[in-house]
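The values are calculated or read from the model by the stated rules, or taken from the named source; none is laboratory data. Please read all numbers here as calculations on a predicted model, not as lab measurements. Reconstructed Cβ throughout: ideal geometry from the backbone, glycine too, with neighbour counts over all protein chains shown. For accessibility, only protein heavy atoms count, side chains too; no ligands or nucleic acids. Shrake-Rupley method; radii C 1.70, N 1.55, O 1.52, S 1.80 Å.
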Amino acid sequence: METRKVQTVGGGTYTVSLPKAWAESENCTAGTTVNLHTHIDGLLVIQTPESRTAPRNHVTLEAGNDDPAEIEQLLRAAYAAGVESVVLEAPDSFTDKQHRAIERVTRNLTGVTVAEETESQVTVQTLLDAREVSVRQSVRQLQFVALSMHRDAMAALTTGTTGDRWADRDDQADRLYAMIDRYFERSLGRLDEIDALGLTRPELFTLWGTANDLERVADHAERIGTVADQLNGQPDGPIVTALADIAQDIHTIVKDAVSVIIGDACVDTARQTLATRRDVRERITSLDRQLFESGDADYRLTRALDSLARTAEHGGNIAEVGLRMAVRDGALTADKADTDEANTPSSTAETES
């Protein structure tokens, strides 16, 4: 880090000299126009228009005779990288399977559409505008999808209700996470993207990490639902009761942990969430041992129990980030100070009374 003294020039304008080594590395000379980004967290960042950290907005990819799955993978990678438009080229024209793969991507990713199409070229464009996106609200939606999947999957496991289309609902969770991941990636190189989202960098990172854990919660809900569809009859009553109780506490762990992150709950909720996770860990270990020793329980139940354990861990991860936020923002110190003040007599007269 280098330091510079702020100076004034005619008219009272403040100026700061640029480090010569940085200017030369960025091809910045007298007369070069630079972008100044003033952030809501108080930072001022200077960036040249051709900064090497800025992502590419438009790319051209050779599809050729690629397998449709590879084309879909390329488009998803471009979306995650923050690219705005992708031109796919196939000199010998696209096959029907390749066309279907492209359509599948436009259907399963938010804001993606085919902007132009010829026999040998397809332009896939993303129309999302960061100013119209709320990452915090997207995390709320992802939480709703993941926890509704978790609830319904456990109902199928413990009551034998008809299985849901788990894969379709997991795709919905993946779609929400992919959009959040895209904006996180774009914000790493485009500083104006963070401003458009209305978030500080720590806030965006926290929300992205939360979305990552919620996407895994949805994955494990799909796994539990699949196990429920494959069971040979329903588990014994005591096992069903234990599973249902554990699942309810895990639902609360995830819900409360996310509430801390998005500002709907305080740090005490994060502490309670982590305490509940510790209790759930012990109960899962005990039930796992019981299933192993019983011998007559369907072995698939252990897979469901493993997914429950992992879901609890993802909820705990989110709560731990909530505690980290509290330390970073001084909430823990403030809480302690408030408690100390409440327990301390405010005057000699109060003490004597």
*Do we have ILE262 as out of contact with any Asp or Glu (no Cβ under 8 Å at 6 or more places or on another chain) and within 20 Å of SER148 (Cα to Cα) here?*
yes
*With the condition kept exactly as written, say whether any residue in the stretch 143-157 is in the same structural domain as ALA221 (by the TED database) and farther than 20 Å from ALA218 by Cβ.*
no
_Selection within the stretch 174-197 - touching a Gly at 6+ places or on another chain (Cβ under 7 Å) and open to solvent by 30 Å² or more (accessible area, probe 1.4 Å)_ = GLU185
_Condition broken by ALA69, with the remaining ones in (1) modelled with pLDDT of 85 or more; (2) not assigned by the TED database to the domain that holds GLU103 satisfied_ = (2)
_Sole residue being surrounded by fewer than 20 Cβ atoms within 10 Å (Cβ to Cβ), within 23 Å of ALA167 (Cα to Cα), in contact with a helix residue (DSSP H, G or I) (Cβ under 8 Å, 6 or more places away or on another chain) and β-branched (Val, Ile, Thr), chosen from THR252, THR226, THR269_ = THR226
*Mind checking which pairs have a first residue in the stretch 299-314 that is of a type outside the set (Lys, Arg) and a second that is not in a helix (DSSP H, G or I), Cβ under 8 Å, 6 or more apart or different chains?*
LEU301/LEU231; LEU301/PRO235
*asked:* assigned to a helix (DSSP H, G or I), exposed (fewer than 15 other Cβ atoms within 10 Å of the Cβ) and either in contact (Cβ under 8 Å) with a residue 12 or more places away in the chain or not polar (S, T, N, Q) (or both): is that true of ALA275 in this structure?
replied: yes
*touching a Gly at 6+ places or on another chain (Cβ under 9 Å), in the same structural domain as ALA173 (by the TED database), over 30 Å from ALA178 (Cβ atoms) and not in a helix (DSSP H, G or I) - does that describe any residue in the stretch 288-305?*
yes
*Subset of the stretch 90-106 [open to solvent by 40 Å² or more (accessible area, probe 1.4 Å) and polar (S, T, N, Q)]*: THR95
*Would you say GLU116 is free of Cβ contacts under 8 Å to residues at least 12 places away in the same chain, more than 29 Å from GLU203 (Cα to Cα) and not in a helix (DSSP H, G or I)?*
yes
*Being surrounded by 18 or more Cβ atoms within 10 Å (Cβ to Cβ), within 25 Å of GLY315 (Cβ to Cβ) and modelled with pLDDT of 90 or more, is that true of even one residue in the stretch 235-244?*
yes
